[in-house]
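Take a look at the structure set out below.
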Amino acid sequence: MFREPKYLKGSVVKHPKADWGKGVVLEDTTGPTIKIRFEKVGLKTLSLQHIEPIILDDQRVSEIEVVRLAQMDRVYIDETFKDIYDDIKSRYPSHIVVIQSGYYFEVLEDDAEYFSRKYGWKLYERQTGVTITGFPDQVEKAWRDLRSTNTPYILVSQLDQREGGKVQRTITEIFPSQGG
């Protein structure tokens, strides 16, 4: 038996009680739960038996934006920078991938060469065959330049360490935003 979805993928909603900001429904909802990515708290799976999100607008965000929001919830756990870089580049080949390592930000391969040409930064080889360069977090010039020239980039931020001391990272910014 086919049931019409109660909430459609891309619908913009808000939580009726919590101040989580606007949310985007990540998949058509016909069952008892709904997956929403909220501005302030990220991905949440809510039980529709207990909470009825409020639809804010008849307009829905684009499919590209829904995919972008869903990918921002991917967590990389103890993965090498090269593996993270290759995973993201396979989906966003024209974006520069910037990966946080503590108080430092690093870029690899062609992205490292771009920064070396643009700012004269020295290139290093971290592991055999992997070119890398980077900058400390207080170097705001790089961020301003990327935004002002509308250069597409993805920021992968390091999360606080969890149980077991494993380093976790996730995409926290995709610039420029691709939909909405």
- Task: Could you calculate, for the chain, the ratio of the Cα radius of gyration to the Kirkwood radius, expressed as Rg to Rh?
- Result: 1.04
- Message: If I model a spin label as a point 7 Å beyond the Cα along the Cα-Cβ vector, how far apart are those points for residue 19 and residue 40 in nm?
- Response: 0.5 nm
- Item | By average C-beta atoms within 10 angstrom, highest first, the peptides 37-43, 169-175 | 169-175, 37-43
- Could you go through segment 87-97 in sequence order and give the Karplus-derived ³J(HN,Hα) for each residue, using 6.51 cos²θ - 1.76 cosθ + 1.60 with θ = phi - 60°, rounded to whole Hz, and x for Gly and Pro? 4, 6, 5, 5, 9, 10, x, 8, 8, 7, 9
- Task: Go ahead and estimate [θ] at 222 nm for the chain from helices alone: -39,500 (n - 2.57) per DSSP H run with n ≥ 4, summed, over the residue count, rounded to 500.
- Result: -6500 deg cm²/dmol
- Query: Using modelled amide H (1.01 Å from N, peptide plane; none on Pro or chain starts), what sits under 5 Å from the amide H of residue 43, excluding residues fewer than 5 places away?
  - Reply: 38
- Note: residue 50 to residue 101 extended length (0.36 nm per residue) minus current alpha-carbon separation gives 14.4 nm
- Query: Tell me, what is the percent relative contact order of the chain, built from C-alpha pairs under 8 Å that lie six or more residues apart?
  - Reply: 18 percent
- Label-point separation (nm) for residue 60 and residue 128, each offset 7 Å from Cα along Cα-to-Cβ? 5.0 nm
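Read the figures in this text as sums done on the coordinates, not as results from a lab. Worth saying up front: this structure is predicted, and the values here are computed from it rather than measured. Here the Cβ is made from the backbone with ideal geometry for all residues, glycine too, and neighbour counts use every protein chain on show.
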